[in-house]
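Written below as structure tokens is the structure these notes are about.
Nothing in this text is a laboratory measurement; each read-out follows from the coordinates by a stated rule. Predicted model only: the values in this text are computed from it and were never measured. A quick note on method: Cβ atoms are made from the backbone with ideal geometry, for glycine too, and the neighbour counts reach across all protein chains shown.
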Amino acid sequence: MKKTSKARKAIKITVLSILGVIAAALIIISNILYGRVSTISSVKQLGEGMYTVNYRHDYQLDKALELGIDDERSLLKFICDEMYFGYQADSNIEKYACSAFLTESPDGDIIAGRNFDYDQTDTLAVYTKPYGGYASISMAVLDFMKVGRPNAVSPMSIEGKLAMLAAPYLCVDGVNEAGLNIALLDLPEGEIHQDNGKPDLFMPIAVRLLLDRAATVDEAAALLEQYDIHCADGNTQHMFISDKSGRAVVVEWGDDDMTVVESDICTNFWFKDTPEEEYPQMCDRFDIIQRCLKNNPANTEENSMKILDMARVGWTQWSCVYNISDFSVDVAVDLCFDNVYTLTPESFK
């Protein structure tokens with residue numbers, strides 16, 4: 001009897017041990033997959049060419065910064081390692097043009113406008129709320145992930161939703177809850193790769209860094225000064241940065257320096273090498289926006305969208321009016337200015 005009792009006890013202990021190991025494994029697997037599954041489950045289609053995602057997975061910004069990513073290939077490898085367990089995907093980043101401006105509403109709200117000019121693509125609005133950082137709403141190009149038009153992968157397919165796990169690092173404009181607005185615009189020059197002995201920072205990661213951790217133009221500039229900046233896709237970019245105080249700047253980089261130029265308007269030419277009186281001659285879109293703002297210094301969201309309509313080109317993929325003061329954005333896609341989506345944090349729930 002004693003031997004039988006001991007045997008049963010040993011079997012019970014063994015079974016409980018196995019069940020404990022299985023439970024622990026399930027908890028670990030659940031923790032690993034939860035953020036990814038929750039994120040892709042949140043994807044919504046608002047209309048033709050317009051999608052949203054509530055990004056709930058840890059996109060490992062600190063690790064991205066520590067790795068010193070300085071080109072598209074390295075960024076893609078990081079994304080695949082962290083989001084797809086090492087499975088190597090592909091991307092498609094092309095040259096893009098744009099316009100951006102800052103204005104104030106008659107009620108005192110600070111408003112930022114942005115046209116994103118690019119070959120055909122669908123639009124993804126991304127909501128993030130990182131631990132210890134600022135929540136933000138930002139816009140990602142689905143074509144960068146080879147999803148949506150003109151690609152064969154539907155954004156609402158499993159493959160399309162999985163591709164959206166890369167979205168935090170593929171955003172080109174956005175606003176955070178602290179009142180900082182960012183827009184990335186191309187310049188007609190070759191790539192910039194600084195080498196001043198500072199940590200390396202790839203431009204798409206710089207957008208994410210500022211949205212997560214900067215509240216003002218000065219804080220954003222101070223963060224950027226800490227890094228050697230790198231651009232890709234054969235071109236360089238500059239940043240239009242504004243905040244809820246009503247201040248706006250264009251930040252540009254040379255081989256060894258960073259320049260901050262005060263301006264309420266930004267299009268696709270170098271500001272640091274151009275006298276201010278020559279800005280309107282450099283770009284028709286700059287001239288159009290400047291004349292609109294001179295004629296109407298105070299603009300509502302609706303008026304700001306009309307300015308973007310006037311400054312659009314045939315390949316404008318989205319037009320965003322960010323209310324920096326109340327953390328919201330109005331979005332028109334595919335030049336459909338009669339169909340505007342208004343997004344707040346509640347829109348992503």
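Quick notes on this one:
- Over the chain, DSSP H runs of length four or greater, each weighted -39,500 (n - 2.57), average out per residue to a 222 nm ellipticity of -10000 deg cm²/dmol.
- Euclidean distance between Cα centres, the range 118-141 to the range 287-306, Å: 25 Å
- Per-residue Karplus couplings for the range 149-155, computed as 6.51 cos²θ - 1.76 cosθ + 1.60 with θ equal to phi - 60°, are listed in order as 4, x, 8, 7, 8, 6, x Hz, Gly and Pro entered as x.
- Residue with peak Gaussian network fluctuation, the chain [Cα springs, cutoff 10 Å], from Met145, Met164, Met258: Met258
- Loop-located chymotrypsin sites (Phe, Trp or Tyr not before Pro) in the range 259-349 (DSSP state other than H, G, I, E, B) with a sparse environment of at most 10 neighbouring Cβ atoms within 10 Å are absent.
- Rg and Dmax of the range 100-247, Cα atoms only, in Å: 15.9, 46
- Against the chain, whose longest principal axis is taken from its Cα atoms, helix 301-310 shows a tilt of about 70°.
- Whole-Å distance, taken between Cα centres, linking the range 151-188 and the range 190-257: 17 Å
- 3J(HN,Hα) from dihedral phi, the range 121-129, Karplus parametrisation 6.51/-1.76/1.60, rounded to Hz, x for glycine, proline: 7, 8, 10, 10, 8, 10, 9, 10, 9
- Each peptide among 235-246, 152-163 gets the average number of other Cβ atoms lying within 10 Å of its residues, and from highest to lowest they stand as 235-246, 152-163.
- Only Cα pairs under 8 Å and 6+ residues apart enter the sum, and on that basis the relative contact order of the range 97-173 stands at 23 percent.
- Relative to the Cα centre, the charge distribution of the range 201-349, modelled as +1 at Lys and Arg Cβ and -1 at Asp and Glu Cβ, gives a dipole magnitude of about 480 debye.
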